[in-house]
Amino acid sequence: MKTENRKAKSEPLPPARLVQRHFSAIARRYDLANDVLSFGQQRRWKRAAVRLLAPRPGDLVLDVCGGTADLALLALRAGAGRAVVYDFNPEMLAVGRGKAAPLGLSSRLFWVQGDAEEISLKTASVDAALVGFGIRNLTRWERGLQEMHRVLRPGGRLVCLEFSQPPARWFRLLYDLYSFTAIPLVGKILAGSREAYVYLTASIRAFPSPPELARALEKIGFTQVTWQPLTRGIAVIHRGIKR
């Protein structure tokens, strides 16, 4: 019995539970760390993503892996009618609610804790969907995209903002040096978790390239798929339309 207990303690956490633990650890300082680590660029990238989404009055926008609600709040300010912030981490959602409360937008926001690979919304129930820096955290990221396609109405827009590997070799070398040295150190200082930011950099390297992600979106059923690199390819925005 004692041997079994020791073995159980040594077993690694399943990927989803490991990601959950990382985000619980950094939730309170997540936004600050993102600002510092991106030198403020993440705000510009998110604004660009929402401009590409082009929210319309009356739109119901789904913010998948929405966490602290940056994209949902930007979508409402850009003209969307309502937004659903969908995330599996309660600490991240709590931070988002705290940000939204003083802005007078609570009546237009809905908060759902759930799995992005099994979205608990009806088929063809939203007008647009956003996912920012979240798709690569899913154990089955293709499944997450399929679920976003399912809940979109015909003609609905998907915008996916994600980190990527810069295409220029010289810049990629500098980026890797920064990612694997400075980012974990600053993450530990600001957010209290070096491990979470080691995971962050490793997950970016493991995620498909922009052309590969574009092909996956087309295979799922999105049309007019485009992608746009930002800041020398550190981040990329993909956009697609549901048939």
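Just so it is clear, none of the values below were taken in a lab; they were calculated from the coordinates. These numbers were taken from a predicted model, which means no experiment stands behind them. All Cβ positions, even for glycine, are placed from backbone atoms using ideal geometry, and neighbour counts span all protein chains on display.
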Query raised in the report: Per 10 Å bin, what is the whole-percent P(r) computed from every C-alpha pair distance within the range 82-178?
Result: 14, 38, 29, 16, 4
**Report entry** Radius ratio Rg over Rh of the range 178-241, counting only Cα atoms, Kirkwood formula for Rh
**Finding:** 1.13
Requested in this report: For residue 59, list long-range residues whose amide hydrogen, built 1.01 Å from N in the peptide plane, is under 5 Å from its own amide hydrogen.
Outcome: 81, 82
Query - Cα pair distances in the range 101-243, grouped into 10 Å bins until the bin that holds the longest one, percent each - result: 11, 35, 32, 20, 3
Query - Value at 222 nm in deg cm²/dmol, rounded to 500, when DSSP H runs of n ≥ 4 in the chain each add -39,500 (n - 2.57) - result: -14000 deg cm²/dmol
Report task. Would you list which aspartates and glutamates come within 17 Å of residue 46, measuring only between C-alpha atoms, while excluding same-chain residues fewer than 8 positions from it? Result -> 31, 35, 63, 70, 162
Report summary line: Length-normalised contact order of the chain, Cα under 8 Å, at least 6 apart, in percent, tallies to 19 percent
Query - the chain: most fluctuating residue of 71, 177, 103 per GNM, C-alpha cutoff 10 Å - result: 103
**Report entry** For the range 28-136, convex hull of alpha carbons as volume per residue, Å³
**Finding:** 100 Å³
Report summary line: When 181, 201 are arranged by how many other beta-carbons sit within 10 Å of their Cβ, fewest first, they go 181, 201
Report summary line: The FRET efficiency for residue 56 and residue 112, from their Cβ-Cβ distance with R0 = 25 Å and rounded to 0.05, is 0.70
Query raised in the report: Using θ = phi - 60° and the Karplus form 6.51 cos²θ - 1.76 cosθ + 1.60, what ³J(HN,Hα) does each residue of the range 59-64 get, whole Hz, x for Gly and Pro?
Result: 4, 9, 9, 9, 9, 7
Report task. Determine the dipole magnitude for the range 108-243: charges of +1 sit on the beta-carbon of Lys and Arg, -1 on that of Asp and Glu, nothing else is charged, the reference point is the Cα centre, and the result goes in debye to the nearest 20. Result -> 300 debye
Report task. Starting from 0 in steps of 10 Å, tell me what percent of the Cα-Cα pairs of the chain lands in each bin. Result -> 7, 32, 37, 18, 5, 1, 0
Query raised in the report: Order of 188, 46 from fewest to most other C-beta atoms within 10 Å?
Result: 188, 46
Report task. Can you put 141, 170 in order of Cβ neighbours within 10 angstrom, beginning with the fewest? Result -> 170, 141
